[in-house]
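Taking it in order: structure first as structure tokens, then the write-up.
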Amino acid sequence: MTIQRMDNVLIVVEDLDAVVAFFVELGMEPEGRMPVEGQWVDRVIGIDGSRQEIAMLRTPDGHGRIELAKFHAPEAVDAGTRDAPANTLGIRRVMFAVDDIDDTVTRLRAHGGELVGEVVRYEDVYRLCYLRGPEGILVGLAEQLA
């Protein structure tokens, strides 16, 4: 076997508190928050003198994790993709299965979430939408229908 599992997805942010609050409202559970710096991390990421604070969040089932990182040094680089459309090259979104898509959208709006398009029904299988959260983070929501 080549891999055991997907461990986490990293999202670099400016406002760590706002993004943590958004994902906690979505239903993710905080695992921890800590500073990360030193030669070992510089060697891993290829940036000398890096200093960051990270927050780890996990899905309720314990199988998925998101790592949020705020860089204090060097300052994060804005690639201009915050409002990029879904067909922009690169990683575009993280998709979550939810129990009630309407309730989830309502709760996330209070944390800066905005629908990208609209909530749509795909046959008799799913209701789906894309929601842009703080700092332009694109989140997909899928409610499985009975």
Next on the checklist: Is it the case, given these coordinates, that Glu118 is surrounded by fewer than 14 Cβ atoms within 10 Å (Cβ to Cβ) and charged (D, E, K, R)?
Outcome noted: yes
Checklist outcome for this item: Quick count over the stretch 98-142, residues being in contact with a strand residue (DSSP E or B) (Cβ under 9 Å, 6 or more places away or on another chain) and either outside any strand (DSSP E or B) or more than 24 Å from Leu10 (Cα to Cα) (or both), is 24
Item to check | Test for Thr59: is it under 20 Å from Glu25 (Cβ atoms), of a type in the set (S, T, N, Q) and surrounded by 18 or more Cβ atoms within 10 Å (Cβ to Cβ) | outcome: no
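Outside the structural domain of Cys129 (by TED's automatic domain parsing), out of contact with any Gly (no Cβ under 6 Å at 6 or more places or on another chain) and more than 19 Å from His111 (Cβ to Cβ): which single residue out of Thr59, Thr88 fits that description?
Just a single option satisfies the conditions, and that option is Thr88.
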Checklist outcome for this item: Within the stretch 63-77, the count of residues that are among the β-branched types (Val, Ile, Thr) and either within 8 Å of Gln52 (Cβ to Cβ) or not in a strand (DSSP E or B) (or both) comes to 1
Checklist entry - Pairs, please: C-beta under 8 Å, at least 6 apart or cross-chain, first residue outside the structural domain of Asp103 (by TED's automatic domain parsing) and over 19 Å from Asp61 (Cβ atoms) and in the stretch 19-34, second basic (Lys, Arg) and modelled with pLDDT of 95 or more? => result Val20/Arg33
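The values are calculated or read from the model by the stated rules, or taken from the named source; none is laboratory data. Since we're looking at a predicted model, the values are computed, not measured. Ideal geometry is used to build each Cβ from the backbone, glycine not excepted, and the neighbour counts take in all protein chains shown.
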